[in-house]
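Student: Supplied in structure tokens, the structure appears directly below.
The values are calculated or read from the model by the stated rules, or taken from the named source; none is laboratory data. Everything numeric in this text was worked out from a predicted model, so none of it was measured. When we count neighbours, we look across all protein chains shown, and the Cβ atoms used for this are built from the backbone with ideal geometry, even at glycine. Just the protein is used for accessible areas: all its heavy atoms, side chains included, with ligands, DNA and RNA removed. Shrake-Rupley method; radii C 1.70, N 1.55, O 1.52, S 1.80 Å.
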Amino acid sequence: MTDRESYSDRQPAASVVVPVYNKASHLKACFDCLERQTISKSDLEVLLIDDGSTDESLALCEAFAAERPWVRVVAQPNAGVSEARNAGIRAARGRYLFFLDPDDSLSPETLENVSKFFESCPDEVELATYPIVSIREGKRQRLHHRYDVLRETGIYDLTLPENATIAQATMNVAVRNRFDGNVLFDFAPANGVIVHEDEKYCTDVLQRSMQLGFCAEAEYRWIRSDEGASTALRQPERLYDNNIALFEDFFGRYGNEVPSYIQGLLVNDLSWKLKAGIALPAHLEGAAYGRALGRLGNLMECVDDDLILRHPNLREEHRLFALSLKRREPLRWRVAPGALAVLRGDALVFADGCASATLTRIAVRDGELHVSGTLISPFFAGWEGGVELLLRRRPRKVDRGGSADALALTEIVEGCPTATVKLGRSFRFDFACNLDESEDIWLELRLDGASIPLRWSVREMACSAYALRHTRIVGKWRVRLDLGKGEIVVDHLTGKARENAIKLLDGRVPRWKTRLDRRLIRRLAEGGDIWIYTDGPDGPRSALTQFECDGQRDDGIARYYALREGQRPPRCGSHGKLVAFGSRRHKMLFCAAMEIIASDTDFAAYSPMPEKSLLDFADLFNAEIVPTGSNDAV
């Protein structure tokens, strides 16, 4: 009797189904992973299901199986990963079914430990899960929030509310082999775009008993790459109807009494898709958008407010959006001085004592302070009353009164702007004011006349202020952001006071070379206006064209074109100069410039250094980023 014949006479504990389609480059690592499993090979069956590969995958699978009686190869015409797994399920002889994608791996003890765990479980436990670790570029990512619940090996009752956020939707599972009674992968949406087959399979199996086994002493290693589901398949027009249909199926099985675990699947799905920007029918408009969103709203009516409020993966603004989708008892939005509140009936579902003012730019140019920022609060999404932002200024001289000016606000709506239920809403503001004396500047937010405190923060280029204690000195002005008080403090400095302030500010930078560069940048900035022209590594060379034109001007502006390696040098004219892109000279000119004229306004395309490196100098950076072709670029 051959080794393979002897294996066919016994029932292994674990059958591992590996669907393979054009994965030749990954198979050696996959085979090594299976070889290293500590489970006895007499208790192991590996099923390599070749799904019509056109590369060397099938030959590699057959070569691996040839000398290993515990490995079998099944070849079929291409039918997709679900049918490949189904072929493995039908062929499996083991007591427990495992699933492994060929570009992922398992910790060596996984099959042994999970099989032993299953042996200890009551017969009604149909599915056991174990930890899945996402690995991107060799780095382990943060664990899924389900492991805040699944902490210890054991059996978890999915009918209990405390287990509603587990959301088992990935294939780090083992399933009790019921042979002819096995659940198969059968998610087949009308448009043929299959992206939720794992979630449906797990849910179909779990529905049988609503008992979930968990073995902590194992690990599925999900190797993240860009080779997974196509980005094109994850567009709303391809995804939304499929997604809603899946959950209409889940919820329709239970009528009005949907188990909290099934509710949690929807909330979990909504949470990550809202973050990814693919949750809503953004491909639709008007009434069609409303009808499509109404399908999601009908599902959300069956979800408990408490689950939405405590779900760990929902951002605060998305939490309110999810609550707002439930229209049978609409939310009520209330303001009072220093208080924002949202209620459902008499129940408080959101409360905050302030909104946020996030500053995205701080600059001092030609004696003017320029500030840009955004007003942010989850409350804004459903607030329909007035929003007013006042710029307040208070000179330090006791004989001078203060001033208050209303600022123009630009509304930014996340999701469909005309929708009754808005995903998010914020307000952008900009202001510029002449600096002529020492003063304090702050913002006052009013909602229907009620004053709401602002919590200040900085972002993007303004982060540099944080790195240098929120202080910049330009000319005779020191501008300091006091986040605690929510104020911009302006001091007029001259002579020795200015010199001492600069020394104190530069002294906070630890490296002497950086301190030297800061002094040189300051001298460059004080020597006259500098304009830098930059084209991205790819795309049009419109900045070069504009530089060739502007280089003829004799207007006192020092103009430089940042030349990348391999680019054609421009004609500089009589008043233009070249600087090597990314050189130390370029970096210093960049920090001292008044204008950056760029064909590509993405930071990585026009900046000679990463944003992290700029933090040591960005309090000196006061340039305008001007797209080529705009009126400001001439």
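Student: Only one residue in 207, 168 is more than 30 Å from the chain's Cα centre (by Cα) and modelled with pLDDT of 95 or more. Which one?
Tutor: Details: 168 fails: more than 30 Å from the chain's Cα centre (by Cα).
Checking each option against the conditions leaves just 207.
Student: Something else: Output the number of the condition that residue 622 fails; it satisfies all remaining conditions of (1) open to solvent by less than 40 Å² (accessible area, probe 1.4 Å); (2) assigned to a loop (DSSP other than H, G, I, E, B); (3) closer than 17 Å to residue 548 by Cα.
Tutor: Looking at each condition in turn, residue 622 falls short on (3).
Student: Right, next: When you look at residue 43, is it without any contact (Cβ under 8 Å) to a residue 40 or more places away in the chain and touching a strand residue (DSSP E or B) at 6+ places or on another chain (Cβ under 8 Å), yes or no?
Tutor: On the way: without any contact (Cβ under 8 Å) to a residue 40 or more places away in the chain: no; touching a strand residue (DSSP E or B) at 6+ places or on another chain (Cβ under 8 Å): yes.
Spelling it out, it is not the case that residue 43 is without any contact (Cβ under 8 Å) to a residue 40 or more places away in the chain and touching a strand residue (DSSP E or B) at 6+ places or on another chain (Cβ under 8 Å).
Student: Can you tell me which residue in the stretch 596-619 is modelled with the lowest pLDDT, limited to those that are in a loop (DSSP other than H, G, I, E, B) and surrounded by fewer than 20 Cβ atoms within 10 Å (Cβ to Cβ)?
Tutor: In the first step, residues of the stretch 596-619 are kept if they are in a loop (DSSP other than H, G, I, E, B); the result is 599-602, 607-610, 615-619.
When the remaining residues are screened for being surrounded by fewer than 20 Cβ atoms within 10 Å (Cβ to Cβ), the result is 600-602, 609-610, 615.
Working: 600: 92, 601: 88, 602: 89, 609: 91, 610: 87, 615: 80.
Per the stated criteria, the residue is 615.
Student: Restrict the check to the stretch 512-525 and report whether at least one residue is out of contact with any Leu (no Cβ under 9 Å at 6 or more places or on another chain) and crowded, with 18+ Cβ neighbours inside 10 Å.
Tutor: First pass over the stretch 512-525, keeping only residues out of contact with any Leu (no Cβ under 9 Å at 6 or more places or on another chain): 512-517, 519-520, 523.
Remaining after also requiring crowded, with 18+ Cβ neighbours inside 10 Å: 517.
Scanning the stretch 512-525, I find at least one residue that is out of contact with any Leu (no Cβ under 9 Å at 6 or more places or on another chain) and crowded, with 18+ Cβ neighbours inside 10 Å, so the answer is yes.
Student: Name every residue in the stretch 351-363 that is part of a strand (DSSP E or B), open to solvent by 10 Å² or more (accessible area, probe 1.4 Å) and not polar (S, T, N, Q), in order of residue number.
Tutor: Matches in the stretch 351-363: 351, 352, 361, 362.
Student: In this structure, is residue 329 under 29 Å from residue 433 (Cα atoms) and loosely packed, with under 15 Cβ neighbours inside 10 Å?
Tutor: Values: under 29 Å from residue 433 (Cα atoms): no; loosely packed, with under 15 Cβ neighbours inside 10 Å: yes.
The answer is no for residue 329.
Student: Another one. Quick check, is residue 274 assigned to a helix (DSSP H, G or I) and in contact with a His (Cβ under 6 Å, 6 or more places away or on another chain)?
Tutor: yes
Student: Of all the residues that make up the stretch 364-419, how many are closer than 30 Å to residue 528 by Cβ, assigned to a loop (DSSP other than H, G, I, E, B) and either touching a Phe, Trp or Tyr at 6+ places or on another chain (Cβ under 7 Å) or touching a residue at least 60 places away in the same chain (Cβ under 8 Å) (or both)?
Tutor: Adding up the residues that qualify gives 1.
Student: Something else: Please determine, by comparing only the residues of the stretch 495-511 that are open to solvent by less than 80 Å² (accessible area, probe 1.4 Å) and in contact with a Lys or Arg (Cβ under 7 Å, 6 or more places away or on another chain), which one is modelled with the lowest pLDDT.
Tutor: So the residue we want is 509.
Student: Residues 304, 269, 249, 241: which one is acidic (Asp, Glu) and open to solvent by less than 20 Å² (accessible area, probe 1.4 Å)? Explain how you work it out, then say what you get.
Tutor: Details: 304 fails: open to solvent by less than 20 Å² (accessible area, probe 1.4 Å); 249 fails: open to solvent by less than 20 Å² (accessible area, probe 1.4 Å); 241 fails: open to solvent by less than 20 Å² (accessible area, probe 1.4 Å).
Answer to the selection: 269.
Student: What are the residues in the stretch 307-341 that are more than 25 Å from the chain's Cα centre (by Cα) and either closer than 18 Å to residue 274 by Cβ or not in a strand (DSSP E or B) (or both), if any? Step through it out loud before you land on a result.
Tutor: Restricting attention to the stretch 307-341, the residues satisfying the condition of being more than 25 Å from the chain's Cα centre (by Cα) are 326-341.
Matches in the stretch 307-341: 326, 327, 328, 329, 330, 331, 337, 338.
Residues are listed down the side, and each one gets a yes or a no for (1) part of a strand (DSSP E or B); (2) in contact (Cβ under 8 Å) with a residue 40 or more places away in the chain:
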site	(1), (2)
75	yes, no
79	no, no
101	no, yes
112	no, yes
115	no, yes
121	no, yes
143	no, no
151	no, yes
